[in-house]
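The values are calculated or read from the model by the stated rules, or taken from the named source; none is laboratory data. In this text, all values refer to a predicted model and were calculated from it rather than measured experimentally. Virtual Cβ from ideal backbone geometry, glycine too; neighbours counted across all protein chains shown.
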Amino acid sequence: MRTLADVLPSAALAIARKKGPLPKARTVVVMLVDGLGDELLRASSGHAPFLRRLRENPYSTRLSSGFPSTTATSLGMLGTGLPPGAHGLVALDVLDPARDKVFNELMWDPEVDPRQWQPAPTVFEQVVASGRDVVRIGPGYFDGSGLTEAVQRGGRFVAAQSLDQRVEVAIDTARRSKGALIYLYWGDLDKIGHEQGCRSWNWTGELERVDAGAQALAAGLPADCLLVVTADHGMVDVPFENRLDIAHEPELLTGVRHLGGEPRSLQLYCEAGATDDVAAAWQARMGSDMTVVTRAQAVDEGWFGPVAPHVLPRIGDVVTAATGEVAVVDSRTARPQVLRLLGLHGSRTSVETQVPLLVSQS
């Protein structure tokens with residue numbers, strides 16, 4: 001396995017009793033911990049003794065979350081088994097070319113049909129078509145949401161609020177099923193990282209709860225089951241004094257029609273003929289703290305993996321990726337609570353893109 005796109009196809013092979021990157025199993029539980037970057041986990045491994053021990057399993061490894069290192073894109077990779085350029089969720093805020101309008105792929109837009117936006121069958125749908133059970137466990141508002149319908153449709157959804165409740169549902173499902181792919185999502189680690197920082201005591205406290213939950217889940221699974229723990233991206237704390245506000249940098253908006261992406265990986269949709277000038281202006285202003293390339297360069301260099309023709313215009317004419325502890329915000333349009341977030345992600349640094357894949361065999 002090399003990327004998040006390999007996780008669910010590998011789990012599907014395991015429950016089909018076919019040779020693959022994971023050992024064969026009756027049931028596989030994939031637990032995704034939002035924001036649990038591999039480097040963050042290693043740095044705080046004393047707070048996660050169970051997960052630390054799982055690194056010793058020969059099937060455990062580390063994966064790339066792809067670019068941008070953001071939840072919608074990463075869950076797209078996980079759910080479809082495809083790179084971003086193929087599944088088409090290529091940014092947090094992305095341009096819908098048909099309407100010339102930017103929308104948020106986490107919040108979604110009711111005017112965008114998620115099944116048309118991402119028409120490829122999901123891995124869950126493929127597993128169901130093979131005659132095996134799929135159960136997805138998460139917060140109730142995920143069920144039927146635009147993002148879920150786009151990249152994680154298929155099987156049965158079970159709503160559960162707390163981590164303990166979700167673990168209980170996963171264990172009960174595994175015990176009742178003759179064979180299933182079970183997916184469990186947990187998002188509080190990411191939320192705390194955003195609001196209080198991924199180096200905070202509150203973050204490590206939540207990591208301890210995640211570790212205990214994973215241990216309880218592994219202990220409760222019946223024989224011939226696998227637990228796979230992974231994540232969608234990592235995170236970096238960006239000091240507020242290191243944030244450039246383009247509301248006060250009007251020259252950076254010259255030639256720019258729309259802003260997409262997010263603070264560490266903005267995508268700029270440009271006026272006709274302005275792409276090169278916009279790229280040059282941004283690179284001159286940001287210097288070594290940010291890599292600035294045109295869409296053509298990003299595609300040629302494989303930032304998004306192979307890009308389908310219908311996905312190409314969704315990508316910004318200019319694509320940026322922070323290399324230092326910096327971010328670019330827009331106080332004219334961003335919600336105040338977004339401007340207050342300490343932990344950020346989205347760029348191509350290893351702390352943001354490297355995620356663990358930890359395997360426990362019952």
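Every residue, every condition in (1) modelled with pLDDT under 95; (2) surrounded by 19 or more Cβ atoms within 10 Å (Cβ to Cβ), yes or no:
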residue: 297; (1), (2): no, no
residue: 301; (1), (2): no, no
residue: 313; (1), (2): no, no
residue: 319; (1), (2): no, yes
residue: 322; (1), (2): no, yes
residue: 328; (1), (2): no, yes
residue: 332; (1), (2): yes, no
residue: 335; (1), (2): yes, no
residue: 343; (1), (2): no, yes
Requested in this report: Name every residue in region 31-62 that is surrounded by fewer than 23 Cβ atoms within 10 Å (Cβ to Cβ) and assigned to a strand (DSSP E or B), in order of residue number.
Outcome: 61, 62
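Within region 224-255, how many residues turn out to be under 17 Å from the mean Cα position of the chain (by Cα) and among the charged types (D, E, K, R)? Spell out the reasoning first.
Quick first cut of region 224-255, residues under 17 Å from the mean Cα position of the chain (by Cα) only: 228-236.
If we keep only those that are among the charged types (D, E, K, R) as well, we get 232.
Selection size over region 224-255: 1.
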Query raised in the report: Quick one: which of 11, 16, 25 is surrounded by fewer than 19 Cβ atoms within 10 Å (Cβ to Cβ) and in the same structural domain as residue 197 (by TED's automatic domain parsing)?
Result: 16
Query raised in the report: In this structure, does residue 332 turn out to be touching a residue at least 12 places away in the same chain (Cβ under 8 Å), touching a helix residue (DSSP H, G or I) at 6+ places or on another chain (Cβ under 9 Å) and part of a helix (DSSP H, G or I)?
Result: no
Requested in this report: Quick one: which strands (runs of 3 or more DSSP E) lie wholly within region 182-293 and hold at least 2 residues that are surrounded by 23 or more Cβ atoms within 10 Å (Cβ to Cβ) and touching a Gly at 6+ places or on another chain (Cβ under 7 Å)?
Outcome: 267-270
